[in-house]
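Okay, structure first, notes after.
The values are calculated or read from the model by the stated rules, or taken from the named source; none is laboratory data. Quick caveat, the model's predicted, so the values are computed rather than measured. For neighbour counting, all protein chains shown are included, and Cβ atoms are generated from backbone atoms with ideal geometry for every residue, glycine included. Accessible surface is based on the protein model in full, side chains and every heavy atom, while ligands, DNA and RNA are left aside. Shrake-Rupley method; radii C 1.70, N 1.55, O 1.52, S 1.80 Å.
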Amino acid sequence: MTEAAAGQVTIRKCEALDEMLACFALQKEVWRFSDAELVPVRLFVVANKIGGQVIGAFVQSDGETDGAEELIGFAMAIPGVRNGHAYLHSQMLAVREQYRNGGLGRRMKLYQREDALARGFELMEWTFDPLEIKNAYLNIEKLGAIARRYSVNQYGMTSSPLQGGLPSDRLVAEWWMKSKRVKSVLADAPSTPCECPARIEVPAEIYEWKSASATRARALAVQERNREQFVSAFARGLSVLGYERDARGNGRFLLGEWGEAWRY
């Protein structure tokens, strides 16, 4: 596969050990995990050798003229099997803080998709925190993933301050990379209105509430309320099919029936 470049950022596969070490260091910088929770360099190396992915986003290092590069983002995926079918599980995607909100995360996901399809994969999954409004919007509206599984406290109580001291509840994103839905989203085609009998709200204040011990109980109450709503909706056969954000920054999951025809 050829390198993907736009502007000063180049996206390509990581192969060398020093690139794996750079991914490990950026992981620690972004999530600020304790040492016990860090994904080790060995797993980055193994993922690359057993059919997974380690993809990096690079810029030329300041003041360097000899082609030296700096890693500013990475995505790591490992292969999995469910019900006899192989898929890729995207375990981590990180972007250095000053390069966020410019579409780099989406570009790395698209590179992952191109590489996965070239190797015969049709499904990629990953987990995400349903309280993270920007991330949910990217996954559902900009990539075309759906969600119909909810994992309660998947990783236990994590040391990362990004979790805000809350249980690590996660939605499972399913990215059917050859589906009509995904192709339509990636082509920026007008969205087809869906019947969405269930809506689950995430207030814009959730980040503020999570960050301070005095208000963390409010964030926990939102998480527990939404957990019950997701579990109930999924038990009724509904799936996350859309996501809305209003002018105040509030988020809203839209849940309806996932038509299997959209997969083909």
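Semi-axes of the equivalent ellipsoid for segment 85-223, computed as √(5λ) from the eigenvalues of its C-alpha gyration tensor and ordered from largest down, come to 28, 17, 15 Å.
Taking 7 Å steps out from each Cα toward its Cβ at residue 221 and residue 10 produces label points 5.3 nm apart.
When the chain is described by a simple charge dipole with +1 on each Lys and Arg Cβ and -1 on each Asp and Glu Cβ, the residue from 234, 182, 138 located farthest towards its positive end is 234.
Using heavy atoms of the protein chains and a probe of 1.4 Å, the accessible area assigned to residue 191 is about 100 Å². Hey, any idea what % of the chain's accessible area is carbon plus sulfur with a 1.4 Å probe? Of all accessible area on the chain, carbon and sulfur atoms account for 51 percent.
Within the set of other residues whose C-beta is less than 13 Å from the C-beta of residue 216, count the net charge using Lys and Arg as +1 and Asp and Glu as -1. Intermediate values should be presented prior to the final figure.
On the way: positive: 210, 218; negative: 205, 208, 224.
The answer is -1.
Taking the DSSP beta bridges with both ends in the chain, the antiparallel portion is around 95 percent. Model label sites at residue 232 and residue 194, defined 7 Å from Cα along the beta-carbon direction, differ in position by 2.0 nm.
Taking all protein chains into account, the per residue accessible area for segment 120-223 stands at 45 Å² (1.4 Å probe).
For segment 99-158, what class follows from the C-alpha gyration tensor (a ≥ b ≥ c being the square roots of its eigenvalues): rounded when a/c is under 1.5, otherwise prolate if a/b is larger than b/c, else oblate? It comes out oblate by the Cα gyration axes. Taken over the chain, the ratio of Cα radius of gyration to 2.2 N^0.38 Å equals 1.02.
Taking a ≥ b ≥ c as the square roots of the eigenvalues of the Cα gyration tensor of segment 190-240, is the shape rounded (a/c under 1.5), prolate (a/b larger than b/c) or oblate? Kindly include the intermediate steps, with their values, before the conclusion.
Values: a/c = 4.56, a/b = 1.87, b/c = 2.44.
Verdict is oblate for segment 190-240.
Classify segment 40-167: rounded, prolate or oblate, from the alpha-carbon gyration tensor (a ≥ b ≥ c, eigenvalue square roots; a/c under 1.5 rounded; otherwise prolate if a/b is larger than b/c)? The shape class here is oblate.
Starting from the eigenvalues of the Cα gyration tensor, five times each then square-rooted, give me the equivalent ellipsoid semi-axes of segment 135-189, largest first, whole Å. Write out the running numbers ahead of the final one.
Numbers: eigenvalues 162, 28, 9 Å².
Equivalent ellipsoid of segment 135-189: 28, 12, 7 Å, largest first.
Taking 17 Å as the straight-line reach from the Cα of residue 134, the aspartates and glutamates in range (excluding those fewer than 8 positions away in the same chain) are 97, 169, 201, 205, 208, 244, 246.
Would you look at the GNM of the chain, springs on alpha carbons closer than 10 Å, and say which of 42, 148, 252 moves the most? Maximum among the listed residues: 42. Cross-link candidates for residue 180: which aspartates and glutamates have Cα within less than 15 Å, leaving aside residues fewer than 8 places away along the same chain? Cross-link targets: 122, 141, 188, 260. For the chain, the relative contact order works out to 15 percent when only alpha carbon pairs closer than 8 Å and six or more residues apart are counted.
Spin-label model, residue 41/residue 69: points 7 Å from Cα along the beta carbon direction are separated by 1.9 nm.
Among the listed pairs 142/178; 13/178; 109/210, give every one whose C-alpha distance is greater than 24 Å.
109/210
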